[in-house]
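I have placed the structure first, in the form of C-alpha cells, so that the comments after it can refer back to it.
The values are calculated or read from the model by the stated rules, or taken from the named source; none is laboratory data. Since the structure is predicted, the reported quantities are computational estimates derived from the model, not experimental observations. Cβ coordinates were reconstructed from backbone atoms using ideal geometry, including for glycine residues, and neighbour counts include every protein chain displayed.
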Amino acid sequence: MKEKRFTLKIMDVIYENEKTITFIFKHKIKSGPGQFIMLSDLENGEKPFSISSCDGSSFGVTMKIVGEFTGKLSALKPGDMVSIRGPYGSTFTIPEGKRCLITGGGCGVPPLFFLAGRLIERNNTVTAVTGFKTGSEAMCVNEFEKTGIRPVIMTDDGSLGARGTVLDAMRDILKKERPDMIYAAGPEIMLKKVMDASDGIPCEILVERYMKCAIGICGQCAMDPIGLRVCVEGPVLNKRAVGLLSEFGAYRRDASGAKEFFCGATH
Amino acid sequence: MSKKLMIDFLGYTLASPLVLPAGIMGISSGSLARAANCGAGLLTTKSLSLKPRKGHNNPVTACFEGGMINAMGLCNPGIKEGLEEVRDFKKRIESPVIASVFGTSPEEFYELASYVNKSKADFIELNLSCPNVLDEFGVPLSASKDSVYKIVKSVKSVSERPVIAKLSPNVLSIKEIAMAAQNAGADALSMINSLGPGMLIDIKLKRPVLANKFGGVSGPCLKPVAQKLIYEASSCVKIPIIGMGGVISGKDVIEIKMAGATLAGIGAGVFYRGIEIFKKVNREIVKFLNEAGYENIGEVKRIK
C-alpha cells in the first residue's frame with residue numbers, strides 16, 4: 001500500500017457563512033461521499049475533513065472555523081498551498097432508483113451534499129433535512145437547490161426554516177412516507193437518535209473520532225469493544241456495524257486516548 | 001490457529017510468535033482485542049507514563065519509498081487509565097499482554113512497575129528508546145549502558161512481572177547495551193525501536209512534513225538493520241528477544257528468528273498489509289514450515 005499525499009494549490013475559497021469555508025482544489029481524485037482527507041498547512045496542525053464535492057477535475061472540502069487550526073486555515077487564499085493526504089475511509093452506499101432520506105446536522109451537512117449529487121445521478125429520489133443552531137450557521141442550502149433538492153431546514157431558534165430539530169422533521173416525514181434508505185451525518189447524539197428512529201429502514205451514518213495517523217496503525221480512532229478503526233473501516237457505518245459498538249453514543253477519546261463521555265443532546 | 005505456531009515465551013505458551021508492538025493500535029481494549037482476534041499471540045499497550053500525554057501535534061506520520069516516519073510523541077491516557085484498558089481486555093480475551101511503560105528516571109520506572117504489579121498485565125516492557133521526544137527528554141536512556149542497567153535493576157527490585165527492555169538501534173555497541181540489560185536481570189529484550197529519528201521535507205511548502213520535524217523511521221527499510229542488531233545482541237545474551245523492524249511477511253519472521261529472535265513484532269506492516277496482516281503472516285509461516293520440513297516454529301533457530 002502506498003500513502004497518498006500531495007501538495008495542492010487552493011483554487012478557490014468559498015465563504016458558506018461567517019464561520020464556514022470551502023476550499024476547492026483543481027485536482028482529480030477518486031473518491032466517494034463520506035470519505036475524508038487529512039489537510040495540513042505543515043505549520044499549525046493537520047485535521048480530517050469530509051470531502052464535500054468531487055467531480056472529474058476538482059474536489060472541495062468544507063470546514064467550520066472552530067479553533068486555532070481552522071482559524072489559521074481561514075486566512076488562506078486562492079494560490080496558497082496545503083498538504084493533502086487521502087482520500088481515506090469508507091463511502092456511503094449509492095443504490096439505484098430508490099427513495100432516500102438524508103439527514104444532516106451542522107458540520108455534518110457538507111458531505112451529505114456530495115452524497116445527494118451521487119444519489120441523483122443514479123436516479124434516486126432524495127429528500128433532505130438539514131438542521132442548524134441558528135440561521136446564520138446554515139450551509140449548503142443553495143448547493144442543494146442546484147441539484148434540484150429543496151432541503152427541509154430546521155433551526156433550534158426558528159430563525160431559518162422551521163423551529164425544531166432534524167429529528168422532529170424526520171419523524172414527520174416518516175409518518176407520510178417510508179424511504180428505502182436513510183443517511184445521517186452530524187453530532188453523535190443526533191446520529192444515535194436518527195438510528196433509533198429509523199424503524200427497520202437501512203441506515204448509514206458518518207461517525208467522527210479524533211484522528212492522528214489516518215492510515216490505521218495508531219489506534220487513536222479505534223472504537224470499543226471491537227477496535228473498529230474509523231479512519232479505515234469508517235467513517236461511514238451501517239446499522240449492523242454501529243450495533244457492535246458499545247462506545248457509540250457513549251464516549252470518544254481525546255488526544256491522549258482518555259475517554260470523554262458525551263453529555264446530553266445538542267440537536 | 002495451527003499448533004505449529006505455538007511457542008513458549010517466559011513461561012507462557014503463545015498461540016502465535018507474532019507480537020503487536022508498543023504504539024501500534026494498542027490504545028484501547030478494543031484495539032488490543034482486534035489485534036488478538038486477527039492472530040497476534042502477544043499484545044503490547046502503548047507506552048504508559050505516570051501522567052497522561054497528548055503527544056505531538058499532527059501530522060504525526062509520513063511515508064516514503066522505503067517505509068515511514070512517525071512522531072506520535074508517546075500519547076497515552078496515563079498508567080492508571082491505560083491499565084484499566086488491559087483489565088477490560090482481559091475480561092473478554094485470554095491472550096497475554098505486555099504493559100509498555102515510559103519514564104525518565106529509575107524512580108519513575110519503579111513507580112510505574114508498582115502500578116503494573118497491581119494490574120492484569122502479564123509482562124512489563126520498559127520503553128528506554130523512544131526517538132521522538134528528544135526535545136523534551138534528551139537522548140533516549142538506552143543509549144547508555146549505565147542508564148539501562150540502573151533502570152532495569154530498579155524495576156527488577158519491585159516488579160512481580162517478567163521485565164522486557166526495549167532497546168534502540170541508535171547505539172555504538174548493541175552488545176554492551178544488551179549485556180547491561182541482562183546483567184541487571186532483564187527477562188527479555190525487545191528490539192529494535194524505530195531508527196533515527198529521520199526527516200522528510202515537502203518541497204513545495206518548504207517545510208518538514210511532520211509537526212515534530214523528526215520522527216522514528218520504521219517499515220521495510222528497517223529490516224537489515226534489525227536483523228544485524230538482533231544477530232549481534234543474541235550472540236552475547238541468553239535471554240529471549242522479541243524481534244521487530246520491517247517484518248511484513250512470513251519470510252521476514254523466519255529471517256528475524258534466524259537472526260536470533262524468539263518472537264516477531266509487526267508494526268508498520270499493519271499499514272502495508274492491513275490489520276489482517278497477522279492472519280496472513282501466520283499462514284505464510286505455516287506454509288514455510290511445511291515446505292522446509294520443520295515440525296513447529298520453535299524449531300527455527302538462530303543461524304551461526
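Summary table
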quantity	calculated
Extreme residue, nearest to B:Leu74 (Cα to Cα), among residues of segment B:156-177 that are of a type in the set (D, E, K, R) and assigned to a loop (DSSP other than H, G, I, E, B)	B:Arg161
Any helices (runs of 4 or more DSSP H) falling wholly within segment B:36-155 and containing at least 2 residues that are over 22 Å from B:Ser190 (Cα atoms) and at pLDDT 95 or above	B:79-92
Hey, B:Ala15 touching a Leu at 6+ places or on another chain (Cβ under 8 Å) and buried (at least 24 other Cβ atoms within 10 Å of the Cβ) or not	no
Of residues in segment B:2-36 being within 14 Å of chain A (Cβ to nearest Cβ) and free of Cβ contacts under 8 Å to residues at least 12 places away in the same chain, the one nearest to A:Pro225 (Cα to Cα)	B:Gly30
Positions within segment A:134-187 being within 17 Å of the chain's Cα centre (by Cα), among the hydrophobic types (A, V, I, L, M, F, W, C) and either modelled with pLDDT under 95 or on the phi > 0 side of the Ramachandran plot (or both), in sequence order	A:Ala138, A:Met139, A:Cys140, A:Val141, A:Phe144
Candidates A:Ala250, A:Ala197, filtered to the one that is in contact with a helix residue (DSSP H, G or I) (Cβ under 7 Å, 6 or more places away or on another chain) and either among the aliphatic types (A, V, I, L, M) or surrounded by 15 or more Cβ atoms within 10 Å (Cβ to Cβ) (or both)	A:Ala197
Inter-residue pairs, beta-carbon under 7 Å, first more than 7 Å from chain B (Cβ to nearest Cβ) and in segment A:221-235, second basic (Lys, Arg), 6+ apart	A:Cys221/A:Arg209; A:Cys221/A:Arg229; A:Val230/A:Arg209
Failed criterion for B:Gly260 (all others in (1) closer than 22 Å to B:Ala178 by Cβ; (2) surrounded by fewer than 15 Cβ atoms within 10 Å (Cβ to Cβ) hold)	(2)
Subset tally (residues that are among the acidic types (Asp, Glu), more than 14 Å from chain B (Cβ to nearest Cβ) and in contact (Cβ under 8 Å) with a residue 24 or more places away in the chain) for segment A:27-58	0
Count - residues of segment A:211-267 that are touching a Phe, Trp or Tyr at 6+ places or on another chain (Cβ under 8 Å) and among the small types (Gly, Ala, Ser)	5
Filter pass, B:Leu74 being buried (at least 22 other Cβ atoms within 10 Å of the Cβ), within 19 Å of the chain's Cα centre (by Cα), within 14 Å of chain A (Cβ to nearest Cβ) and at positive phi	yes
Hits in segment B:38-61 (condition: under 19 Å from B:Ile275 (Cα atoms) and either in contact with a strand residue (DSSP E or B) (Cβ under 8 Å, 6 or more places away or on another chain) or within 8 Å of chain A (Cβ to nearest Cβ) (or both))	B:Gly39, B:Ala40, B:Gly41, B:Leu42, B:Leu43, B:Thr44, B:Thr45, B:Lys46, B:Thr61
